Amino acid sequence: MIAEMSGNIHVAAAALGAAIGVGLIGKGAAEAVGRNPGAATKILVQAILSTAFAEGIVFFALFLWNGK
Amino acid sequence: MRWSSLPVALAAATGLQVCGLAADHGAHAEAAAQQGLPSAAPILFHVGPLPVTNSMVLTWVVALILVLAVRLGVGTLRQIPEGAQNFWEWLVEGLYDFLGGIIGPDLVRKTFWFFSALFLFVVTTNWFGLLPGVGTIGWGHPGDHGFHVSEPLLRGANADFNMTFAMALVFFVLWTVWALQANGPVGFLKHLFGAKGGLGGFIGLVLVVVFFAAGLLEVVSILFRPVSLSFRLYGNVFAGENMLESMTHLGGVNWGWLTALPFYFMELLVGLVQALVFMLLTAVFTLLICAHDEEPGEEGSHH
């Protein structure tokens, strides 16, 4: 089964990891805003930055791959 | 006046795009044969030796619209704002306060011209690319599934990697200039490789080696920033355009508008968020290298 797999597995792995990462960031941000609604803007900035770094991995996997 | 630097920044970005990488022509021909958006922007015509792509046409259209909107809306500044001046003042002040809260009052005064132009330009191009007619009006040929437009007149500007990479490179140059201005050449190197924490003796000697290695890693990550910045924006916009096209195909001839409609709203959101991300990341990168100078004499309390 493993031997039959081919194609863009690395993209799938990167997308899976990034999706989990973005989900964790969203969870953390939502909890943080729930605890301290006054800091919503600061938390939003942190969350957007972390999300950008997490999803950047997918674009590396997509575009830094020359293909076969 | 702050606004006078907006055209300059735009001209710098578009100018660099012209002499940017015009690679991927072979891949373009392959991709055009299949359904969906080609990953490289098709070339419309040549001006001398320079190829002009449809993304570049949209870049100039948006730049022109922005400059005209500012010039005509705020032609003569009034003490009591009226009309479009209200809107621009709200936008500029809002952005200025937002950025000032993140990177501090000194840095925002120095760098606001760049970050505001970047944000406004990216968000306008992203939203302009969603208008009906962008990507659907142009030259093509009749195909198996109806008429196929292979060379549209306009194409989302950030769906061209040259554009995003040009903007990232402009930022990289500015980042270097600002870092050298804030730290000086020696301080700049010290910021990257120097030992932090103020420990002396044998431990300090070991730490110098550790911090030098950490500095090397830092340099690699800094060199990768233009790549990741440009890939992020290009990937999001290009994927968005492709998704809209697939969703329109999914609904068929009669219901294509309905299946694509929710994703247009999502693309509005993505266009705004990606512009915000581009501005925030560049601003925070600038803050990280320039912040060192602002708190001298606090040995061992920061980092």
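The values are calculated or read from the model by the stated rules, or taken from the named source; none is laboratory data. Computed from a predicted model, the values in this text were never measured in an experiment. Positions of Cβ are backbone-derived with ideal geometry, glycine not excepted, and every protein chain shown enters the neighbour counts. Ligands, DNA and RNA are excluded from the accessible area calculation, which covers all protein heavy atoms including side chains. Shrake-Rupley method; radii C 1.70, N 1.55, O 1.52, S 1.80 Å.
Report, as an integer, the average count of C-beta atoms from other chains found within 10 Å of each Cβ along B:131-139.
Values: counts 0, 0, 0, 0, 0, 0, 0, 0, 0.
Mean inter-chain Cβ contacts per residue within 10 Å come to 0.
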| request: Enumerate the amide H contacts of B:GLY138 below 5 Å, restricted to partners 5 or more residues apart or on another chain; note that Pro and chain-start residues carry no placed amide H. | output: B:LEU153
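Just order B:73-84, B:235-246, A:29-40, B:116-127 by mean Cβ neighbour count inside 10 Å, highest at the front, would you?
Working: B:73-84: 10.2, B:235-246: 20.2, A:29-40: 11.9, B:116-127: 22.2.
Going by the mean number of other Cβ atoms within 10 Å, highest first, we get B:116-127, B:235-246, A:29-40, B:73-84.
Quick one: buried accessible area between B and A, total over both chains, 1.4 angstrom probe, nearest 100 Å²? Intermediate results must be reported in sequence, preceding the final value.
Numbers: alone 16470 and 5370 Å², together 20550 Å².
Between B and A, the summed buried area is about 1300 Å².
When Cβ neighbours within 10 Å are restricted to other protein chains, what is their mean count per residue of peptide B:232-242? Can you show the working numbers first?
Working: counts 7, 1, 2, 7, 3, 0, 3, 3, 0, 0, 0.
For peptide B:232-242, the averaged partner shielding equals 2.
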| query | Ordered by residue, what ³J(HN,Hα) values in Hz, to whole numbers, does region A:16-26 give under the Karplus form 6.51 cos²θ - 1.76 cosθ + 1.60, where θ = phi - 60° and Gly and Pro are x? | reply | 4, x, 5, 5, 4, x, 5, x, 5, 5, x
| remark: Taking placed amide H atoms and a strict 5 Å upper bound, the residues 5 or more places from B:LEU44 or on another chain that come that close are B:VAL52, B:THR53, B:ASN54
| remark: So B:ILE43 and B:LEU131, fully extended at 0.36 nm per residue minus their Cα-Cα distance, gain in nm 29.6 nm
| query | Hey, got the average number of other protein chain Cβ atoms within 10 angstrom for residues in B:277-283? | reply | 3
